[in-house]
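Worksheet: one structure, shown below.
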Amino acid sequence: MHGLLRIKYMNGKQKSKNKTIMKIVKLTFIGLSILLASQLHAQDTDSSRKDRLKTEILKNMNDKNNKLLFSYNDPKKGWDWIKITEAANFDNYNLILKIKKENILTVSVFPGSISYESKDICDRIIISDSLIIVNWEKKHIREIYQLISALHHIYTSESYAKQLVAFQQVVASYKALSEKPTIIEEQRKYIVQANGKNEKKEYKEALNFYKKAITVNPTSYPSAYNNMALLAAQIQDYMYAIFNMKKYLMLVPEAEDARVAQDKIYEWEAEIGK
C-alpha cells in the first residue's frame, strides 16, 4: 500500500497543478447535497424495504425446518447455547428474541458488525459479537445472512449520509481558518502507534489509533481520513473506506493525490454487494 500512514503536515498552501482534478473533486460537495436529497426522496422506499427484510429475517429464523442453533454472549456469563422460542420482532435496529416464557434478548443489528463463516462442519452468522446463528446442515443460513446484511447496509448508508452532511460544517470552519491547526504531540503519538500496527498488518488496531487521533482534533491532520480509508479497505469494510475518503476530499479537494483518492472510491463502490 504505497504511501499509507505517512505523516503529512497540511498547511493549506498546497495547490494542485492539475486544475481538472480540483474540479472533479469539488463535485464532492454537490454530490453530498444530492445524496441528502436522494436519501429524503427515497425514505419511504427504504422504509418499505427495511420492513420487508425484517419480515423475511423473522420468517426464516422462526422456520423450524431450518434447524438453527443459537449461541449468545452474556455480558456476565460469556458464550452459551440458548433455545429461542421465537424471533419475536424488530425494535428499530434491535432484534428481539424470546427465550423461555417472559425472558427476551436484544441483539443490535446496527451499528455492530455482521459476518459469515463457513466451517467444515457448519456455517454460522455472527451478529455484533453477541449472537451466533449456527446451522449444521448448511441450509438456508446464507440466505438469512444476506437478508441481515442487506438490512445492515441500509442502516449504514443512512448513517454515513447524515454524518457526511454534518461534516460539511466542520469543513466550512476549517476552510475559514487563516492559519490551519497543526498536529499536537498527543495526535502524533497515535499516528506513530498506527504506523506500528499497520507494519504488523494489524489493520483494525491501526484504524482504532487513527480514530483516537481525529478525536483530539478532526482537521489538524486531513490525511488521517485517507489513511483510515485505506485501512478500512484492508479489512474489506468498503462502506467505511468510502465514508472516510469522502471526508478527506471534502477537507482537501486540492490535494495532490485527489485523483487517486476519488478513483479509490470508484474502485470500492464496485466491491460493495459482492
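Answer rounded, prolate or oblate for region 41-83, using the Cα gyration tensor with square roots of eigenvalues a ≥ b ≥ c: rounded when a/c is under 1.5, else prolate when a/b is larger than b/c, else oblate. Could you put the intermediate results ahead of the total?
Numbers: a/c = 6.45, a/b = 1.82, b/c = 3.54.
The shape class here is oblate.
Projected over every direction and averaged, the convex hull enclosing the alpha-carbon atoms of region 83-219 yields 12.1 nm². Overall, the ratio between the Cα radius of gyration of region 64-139 and 2.2 N^0.38 Å, rounded to two decimals, is 1.08. Ranked by the mean number of other Cβ atoms within 10 Å of their residues, highest first, the peptides 239-247, 66-74 fall in the order 239-247, 66-74.
Cα-Cα over 32 Å: which of LYS67/LYS212; LYS67/LYS264; LYS138/LYS197; LYS64/LYS162; LYS54/LYS162; LYS200/LYS247? It would help to have the intermediate numbers written out before the result.
Values: LYS67/LYS212 43 Å; LYS67/LYS264 42 Å; LYS138/LYS197 36 Å; LYS64/LYS162 39 Å; LYS54/LYS162 23 Å; LYS200/LYS247 26 Å.
Beyond 32 Å: LYS67/LYS212; LYS67/LYS264; LYS138/LYS197; LYS64/LYS162.
In terms of the Cα gyration tensor, with a ≥ b ≥ c the square roots of its eigenvalues, is region 143-257 rounded because a/c is under 1.5, prolate because a/b exceeds b/c, or oblate? It comes out oblate by the Cα gyration axes.
Between TRP79 and ARG142, the FRET efficiency from the beta-carbon distance, with R0 = 22 Å, is close to 0.45.
In terms of packing, defined here as the mean over residues of other Cβ atoms within 10 angstrom, the peptides 143-156, 216-229, 115-128 line up highest first as 216-229, 143-156, 115-128. For the peptides 47-54, 250-257, 191-198, residues were scored by their other Cβ atoms within 10 Å and the scores averaged per peptide; the highest-first order is 250-257, 191-198, 47-54. Only Cα pairs under 8 Å and 6+ residues apart enter the sum, and on that basis the relative contact order of region 217-271 stands at 36 percent. One decimal place: the segment ASP63-GLU202 gains 46.1 nm when fully extended, by the rule 0.36 nm per residue minus the C-alpha distance.
A Förster radius of 45 Å combined with the Cβ-Cβ distance from GLU186 to ASP120 puts the calculated FRET efficiency at roughly 0.45.
Computed from the coordinates by the stated procedures, all read-outs in this text should not be read as laboratory data. All values derive from a computational prediction rather than experimental measurement. Counting neighbours? That spans all protein chains shown, and the Cβs are built from the backbone with ideal geometry, glycine included.
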